[in-house]
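A.B. asks: Here it is, the structure, as structure tokens.
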Amino acid sequence: MKNFFIAILLTSTSISLTFAKPSTTSSVATDNSAQLPLKKIIVVESNNVYTSGKYKKLGLPKSLFEPQLLQLKDFVSRRISFANAPETEFLYKMMEWVSMRWEHHGNIAPPAGYSTFQILQYAEKNKVQFRCQDYAQTLNDILLSYGFVSRVIGLQTSDVAYSTIGGGHVAVEVWSNTQSKWIYLDPQWAVYATLNTTPLNFAELAKLHQRDSLQYANFHVMPKVLQRSTQDSATYMKEYYSFVTNYFGSMQVAINRNGLPQTLTLQMENKQQYLTFQGLPANNVVFTSHHSDVYFDINRCTVLLSYMNNPAWNEVFDDVQTPDDYRKRLPKVAAKPEFAISCDNSMPWFSYYMVRLNNNAWVKLGDSSYTTCSLQAGINTIDAYCVNKANREGTHTIMRIFYGTDAEYQQFQTIGKLERRKENSSK
């Protein structure tokens, strides 16, 4: 970090350009005649947490501008009318679009070596039938080309090691930035699942099944696929329910760790490890019972707050002999809410951050850059998110921070309780 930097100074009412220099000293009052009230910096509410780099093992494309991805996106974009739809609507409609490209046949594969782009071209010119894994790979690659973090998931029966045909099924999970979670999409059936309107991932469906509560989940089929099936919705969903409940044995995700391709297998109802799939070789299979190994946050932003002024040791502790001495000294040397704000992220294809304090204008930050802010007395809100190179916004990180005395904070809490009571009584 250079000695001096140009930073954007955020205040509660304006943004101004200023020169700032982080300091290791603070201005400490020398007048000891009166005891100052201690002003505290209190985190009232925050979802600002550590962001892991687990997404790096998913083997995602290094760039969204790889020729194959650009070619695929261009092909699809010319054939759809919902490119600007809200996120979940876009995901569901893209699943439906893929499902309508061909009909299912469990034993017919596309021509060897065909890319997703070539498969779509081939299906457009010929009446074809392909497997569940071809639906899944096609949807996965299309979502990647649009800047979504997506993965193909393999679903297995509990007896998959030596089961007959049908021991596995293949679907997709995609990270939803608006829901801040993985959600399950089955492009063969054009089905997704919700619980109280919240989209579910496959592990959540498995947990509901283990608790005999799967009936509380709602399965939804996309209308064009339902129309093609000639079935009514109730019959179609009953058939899907009967189908999918076979596959809660385990779930697999392809990963690449330390340059080694592996099939990470989340054990669900099947607690026994296995080395075969329907009696055939299953390569590089590794097992875990920890959901966090498979389900981790992506596209999150961590806000880092570094104090602009840090008091020197002697300013704090000179003539301090007892805890009471320290309590008397603290109001003069206590931390002041003047921060240099920088960010970290768990976003593939990261481009930049957006940060703001309270209702000020957003400030754009690049990687390794920062801005400064000073909190006002009372409640403050820091809001930040990251954006990838496809202009997909990640989940917002929000910190609500109070600055003031204990008495002022108690008053703030009392007002908050009264407001909540008023809200509850009006419902």
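Just so you know, all these numbers are worked out from the coordinates, no wet-lab data involved. From a predicted model like this one, the values you see are computed outputs, not experimental measurements. Backbone-built Cβ (ideal geometry, glycine too); neighbour counts: all protein chains shown.
A.B. asks: Once you place label points 7 Å from the Cα toward the Cβ at Ser351 and Leu70, how far apart are they in nm?
C.D. replies: Simple spin-label model gives 1.5 nm for this pair.
A.B. asks: Using only the alpha-carbon atoms, how far is helix 132-145 inclined from the longest principal axis of the chain? Give it as 0 to 90 degrees, nearest 10.
C.D. replies: Result, in degrees: 40.
A.B. asks: Between Asn126 and Ser368, what FRET efficiency follows from the Cβ-Cβ distance if R0 is 35 Å, with the result rounded to 0.05? List each step's numbers first, then the result.
C.D. replies: Values: r = 51 Å, r/R0 = 1.45.
For Asn126 and Ser368, the calculated efficiency is 0.10.
A.B. asks: According to the square roots a ≥ b ≥ c of the eigenvalues of the Cα gyration tensor, what is the shape class of the stretch 54-293, taking rounded for a/c under 1.5, prolate for a/b larger than b/c otherwise, and oblate for the remainder?
C.D. replies: It comes out rounded by the Cα gyration axes.
A.B. asks: For the stretch 141-250, just the Cα set please: Rg and Dmax, both in angstrom.
C.D. replies: For the stretch 141-250, the Cα radius of gyration and maximum Cα-Cα distance read 14.2, 40 Å.
A.B. asks: In the stretch 105-163, what trypsin sites (Lys or Arg not before Pro) fall in a loop by DSSP, with at most 16 other Cβ atoms inside 10 Å?
C.D. replies: Lys127
A.B. asks: Turning to a different aspect of this structure: Could you let me know the centre-to-centre spacing of the stretch 46-110 and the stretch 134-151, using Cα atoms, in angstrom?
C.D. replies: 3 Å
A.B. asks: Enter the angle in degrees (range 0 to 90, nearest 10) between the Cα long axis of helix 116-125 and the first principal axis of the Cα atoms of the chain, meaning the one along which they spread out most.
C.D. replies: 40 degrees
A.B. asks: Follow-up. Given +1 on the Cβ of Lys and Arg, -1 on the Cβ of Asp and Glu, and no further charges, what dipole in debye does the chain carry about its Cα centre, rounded to the nearest 20? Display every interim value, and only then the final one.
C.D. replies: Details: 41 positive and 35 negative charges, 96 e Å.
Dipole size: approximately 460 debye.
A.B. asks: Quick one: angle between helix 233-244 and the longest Cα principal axis of the chain, in degrees between 0 and 90, rounded to 10, please.
C.D. replies: 80 degrees
A.B. asks: How far apart, in nanometres, would the label points at Asn196 and Leu330 be if each is projected 7 angstrom from Cα along the Cα-to-Cβ direction?
C.D. replies: My value for the distance between the label points is 4.0 nm.
A.B. asks: Would you please give the FRET efficiency between His220 and Ala390, computed as 1/(1 + (r/R0)^6) with r the Cβ-Cβ distance and R0 = 35 Å, to the nearest 0.05?
C.D. replies: 0.85
A.B. asks: Also, I was wondering about something else. Once percent of Cα pairs over 33 Å apart is worked out from the coordinates, which option in (1) 32; (2) 37; (3) 49 does it equal?
C.D. replies: The calculated read-out lines up with (3).
A.B. asks: With Kirkwood's inverse mean 1/r over C-alpha pairs for Rh, give me the Rg to Rh ratio of the stretch 328-427, two decimals please.
C.D. replies: 1.09
A.B. asks: Sort the following peptides by mean Cβ neighbour count (other Cβ atoms within 10 Å, averaged over residues), highest first: 137-150, 409-422, 274-287.
C.D. replies: In decreasing order of mean packing, 137-150, 409-422, 274-287 become 137-150, 274-287, 409-422.
A.B. asks: Averaging sequence separations of C-alpha pairs under 8 Å and six or more residues apart, then dividing by the length of the chain, give the relative contact order as a whole percent.
C.D. replies: 22 percent
A.B. asks: Per DSSP helix of 4 or more residues, -39500 (n - 2.57); summed, then divided by the residues of the chain. What does that give at 222 nm, rounded to the nearest 500? Present the calculation step by step, with values, prior to reporting the outcome.
C.D. replies: Values: 10 runs with 113 residues, N = 427.
That calculation yields -8000 deg cm²/dmol at 222 nm.
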